[in-house]
1. Answer with yes or no whether residue 148 is free of Cβ contacts under 8 Å to residues at least 40 places away in the same chain, of a type outside the set (Gly, Ala, Ser) and assigned to a helix (DSSP H, G or I).
2. Just checking, does segment 169-192 include any residue being in contact with a strand residue (DSSP E or B) (Cβ under 7 Å, 6 or more places away or on another chain), at pLDDT below 90 and open to solvent by 60 Å² or more (accessible area, probe 1.4 Å)?
3. Please verify whether segment 131-151 includes one or more residues that are over 22 Å from residue 186 (Cα atoms), touching a Leu at 6+ places or on another chain (Cβ under 7 Å) and among the hydroxyl-bearing types (Ser, Thr, Tyr).
4. So which residues in segment 201-231 are under 22 Å from the mean Cα position of the chain (by Cα), closer than 19 Å to residue 155 by Cβ and open to solvent by 30 Å² or more (accessible area, probe 1.4 Å)?
5. Which is more than 19 Å from residue 198 (Cβ to Cβ) and buried (at least 17 other Cβ atoms within 10 Å of the Cβ), of 78, 65, 86, 72?
6. Scan 159, 165, 155 and give me the residue that is modelled with pLDDT under 90, assigned to a helix (DSSP H, G or I), open to solvent by 10 Å² or more (accessible area, probe 1.4 Å) and out of contact with any Asp or Glu (no Cβ under 6 Å at 6 or more places or on another chain).
7. Tell me which residues, restricted to segment 24-51, are small (Gly, Ala, Ser) and at pLDDT 90 or above.
8. For segment 94-101, does any single residue satisfy the condition of being touching a residue at least 24 places away in the same chain (Cβ under 8 Å), assigned to a helix (DSSP H, G or I) and of a type outside the set (Phe, Trp, Tyr)?
Amino acid sequence: MTGATWGLVASTFAASFVEFVEALTIVLAMGVTRGWRSALAGTLAALVALTAFTAAAGYALSTWLPESLLQLVVGTLLLIFGLQWLRKAVLRSSGLKAMHDEEEEYATQTAAARQAARQSRFGIDTFAFVISFKGVFLEGVEVVFVVITFGLSAANMPAAIGGAAAAGVLVLLAGLILHRPLAAIPENALKYGVGLLLASFGAYWAVEGLGVFTHTGESLEWPGGDWAILALIACWLLISRVLVRYLPRLKPQTAHLKPETAR
């Protein structure tokens, strides 16, 4: 495999891993407090819905858009998505935003589950089903978005799918073995890294896609080819570290920040 392919796999793996960890926390909370049957039923329903969504979105994008326009569209979306992750990572690193805490998220979810009224249909607890479905589907949509945008833009869907699948299997195995949230995972550091990767790949493909406005309509080429991605990562890292250093001087830091329980 080439360096670009390894970068593609690593990017989809890291982004998907973070989303799968958050989905796992929600399903664990529902399974422990409301029953595994209902939690797993919601998870399965979400996976079915995600499969249909993935097929429809992937077919539409790959069929309706020419290559350069596809790169411009998905690259721009990926850049916006990545900058959102990077913004939150910078704020957390500079102390202006509370760190995300999976243990706190788990405690919040379990407390809400214990307080909710019990309503069952066909032997399935409605609350556990809906919360599990919502959590898995919403986190899964972000995984699908990353996989489709990376896979189509790089013209390598198998590598993008492989990275996401490996992350899903790893998180699932860890959840089955530990039966607890994966709080030991340096999730905030992972999100920082994922933000850098998404913003860099997004900028790379968006600029390539600007070729749609030329007389040939073909994608533009970066100087150095795929090596330009490393330069973009370095640039975003430098910008983010400068912001981490100087943002606290512009805004008074909150004395006590509670752990963040929602992104």
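1. Numbers: free of Cβ contacts under 8 Å to residues at least 40 places away in the same chain: no; of a type outside the set (Gly, Ala, Ser): yes; assigned to a helix (DSSP H, G or I): yes.
No.
2. Step one: filter segment 169-192 for residues in contact with a strand residue (DSSP E or B) (Cβ under 7 Å, 6 or more places away or on another chain), giving 187-188.
Going one step further and asking which of them are at pLDDT below 90, we end up with 187-188.
Filter once more, so that each one left must be open to solvent by 60 Å² or more (accessible area, probe 1.4 Å): none.
No: segment 169-192 contains no residue that is in contact with a strand residue (DSSP E or B) (Cβ under 7 Å, 6 or more places away or on another chain), at pLDDT below 90 and open to solvent by 60 Å² or more (accessible area, probe 1.4 Å).
3. Within segment 131-151, one or more residues are over 22 Å from residue 186 (Cα atoms), touching a Leu at 6+ places or on another chain (Cβ under 7 Å) and among the hydroxyl-bearing types (Ser, Thr, Tyr).
4. Taking segment 201-231 and keeping what is under 22 Å from the mean Cα position of the chain (by Cα), we get 201-206, 229-230.
Checking the rest, the ones that are also closer than 19 Å to residue 155 by Cβ come to 201-206, 229.
Result: no residue meets the conditions.
5. Of the residues listed, the single one that is more than 19 Å from residue 198 (Cβ to Cβ) and buried (at least 17 other Cβ atoms within 10 Å of the Cβ) is 65.
6. Numbers: 165 fails: modelled with pLDDT under 90; 155 fails: assigned to a helix (DSSP H, G or I).
Just one listed residue meets the conditions, 159.
7. From segment 24-51, those small (Gly, Ala, Ser) are 29, 31, 35, 38-39, 41-42, 45-46, 49; that's our starting set.
Once the filter is applied, which keeps residues that are small (Gly, Ala, Ser) and at pLDDT 90 or above, segment 24-51 yields 38, 39, 41, 42, 45, 46, 49.
8. Filtering segment 94-101 for residues touching a residue at least 24 places away in the same chain (Cβ under 8 Å) gives 94-101.
With the extra rule that they be assigned to a helix (DSSP H, G or I), the set shrinks to none.
No, the conditions are met nowhere in segment 94-101.
The values are calculated or read from the model by the stated rules, or taken from the named source; none is laboratory data. Nothing here was measured: the structure is a model prediction, and the numbers come from that model. Backbone-built Cβ (ideal geometry, glycine too); neighbour counts: all protein chains shown. Heavy atoms of the whole protein, side chains included, go into the accessibility calculation; ligands, DNA and RNA do not. Shrake-Rupley method; radii C 1.70, N 1.55, O 1.52, S 1.80 Å.
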